[in-house]
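The values are calculated or read from the model by the stated rules, or taken from the named source; none is laboratory data. Everything quoted here is computed from the prediction, not taken from an experiment. Glycine also receives a Cβ, built like all others from the backbone with ideal geometry; neighbour counts cover every protein chain displayed. Areas reflect the complete protein model, heavy atoms only, side chains present, ligands, DNA and RNA absent. Shrake-Rupley method; radii C 1.70, N 1.55, O 1.52, S 1.80 Å.
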Amino acid sequence: MNLVRPEARAAIWRWREVLVGALVTGLGANWAFGGIGIMQWIGWPVLLLGFALLITGLQRARVRPRSGGVGVVELDEAQLTYFLPEGGIVVPLSLIARIEIEALGDEERGEILWIFTDREGQKVRIPASAAGAERLLDALAQFPGAHYQKVIAASAARKPENFVIWQERVARLH
């Protein structure tokens, strides 16, 4: 017997990183400001760690989760793999030149596609509803200057629109 409604359980699961970050921040603040001796010194790094978890959790929680899409996404340190029923696509992260999100403008589902473009111009389109697509947000950590706010805006978009999340800087000759 479940005592928590499925909707409430889903909301708690979505905001779990924020909750953990808040708890760790509170524990660190308690130790940093109310501790004695070594506990006061330990409290400051714990406070900073909790604050970092809180900020990261907020970014993740604000991106609306989706499910039921085609394919499976896997991510390791060097490559992104997207498995489809008719095959798969492997994209080395070091060769990516541009990352965009295309909001399709579906009023009910708000479907979005992640578009990864490599240096040769080949594009890989991955629906945000694919299994494991939440890992795509983790992939952004390897791209300095990625715009997380645009990911959040794309997730909430209700009309067709493109959002450039990251683009490789091109060296100009003059």
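On the principal axes of its alpha-carbon atoms, the chain has extents of 59, 58, 30 Å, going from largest to smallest. Considering region 28-85, its Cα convex hull presents a mean projected area of 6.3 nm². Sequence-distant contacts, meaning Cα pairs under 8 Å at least 6 residues apart, place the relative contact order of the chain at 19 percent. The Cβ shell under 10 Å around VAL18 holds other residues with a net charge of +3, Lys and Arg each +1, Asp and Glu each -1.
Take region 86-138, compute every pairwise Cα distance, and split them into 10 Å bins from 0; I just need the percent in each bin. For region 86-138, the binned pair fractions read 21, 53, 23, 3 percent. Rolling a 1.4 Å probe over the heavy atoms of the protein chains gives region 1-41 an accessible area of 82 Å² per residue. Heavy atoms only, probe 1.4 Å: what % of the accessible area of region 22-140 goes to carbon and sulfur, would you let me know? Of the solvent-accessible surface of region 22-140, carbon and sulfur hold 62 percent. Estimated from helical segments only, the mean residue ellipticity of the chain at 222 nm is -12000 deg cm²/dmol, where each DSSP H run of four or more residues counts as -39500 (n - 2.57). Above 11 angstrom, tally the Cα pairs of region 6-54 and express them as a % of all pairs, no decimals. Roughly 62 percent, once rounded to a whole number. Net charge of the neighbourhood of PRO92, taken over other residues with C-beta under 12 Å away and scored Lys/Arg +1, Asp/Glu -1, is -3. Ordering ILE55, ILE152 by accessible surface, largest first, gives ILE55, ILE152; the 1.4 Å probe counts only protein heavy atoms, with every chain in place. For region 128-144, the Karplus equation 6.51 cos²θ - 1.76 cosθ + 1.60, evaluated at θ = phi - 60°, returns couplings of 5, 8, 5, 4, x, 5, 5, 5, 4, 5, 5, 5, 5, 4, 8, 10, x Hz by residue, with Gly and Pro reported as x.
Under a 5 Å amide H cut-off, with hydrogens placed 1.01 Å from N, ALA133 pairs with VAL73 among residues at least 5 apart or on other chains. About its Cα centre, region 3-149 has a charge dipole of approximately 480 debye under the convention of +1 per Lys or Arg Cβ and -1 per Asp or Glu Cβ, with nothing else charged. Ranking TRP41, PRO92, THR81 by Cα position along the charge dipole of the chain, where only Lys, Arg, Asp and Glu carry charges on their C-beta atoms, puts TRP41 farthest toward the positive end.
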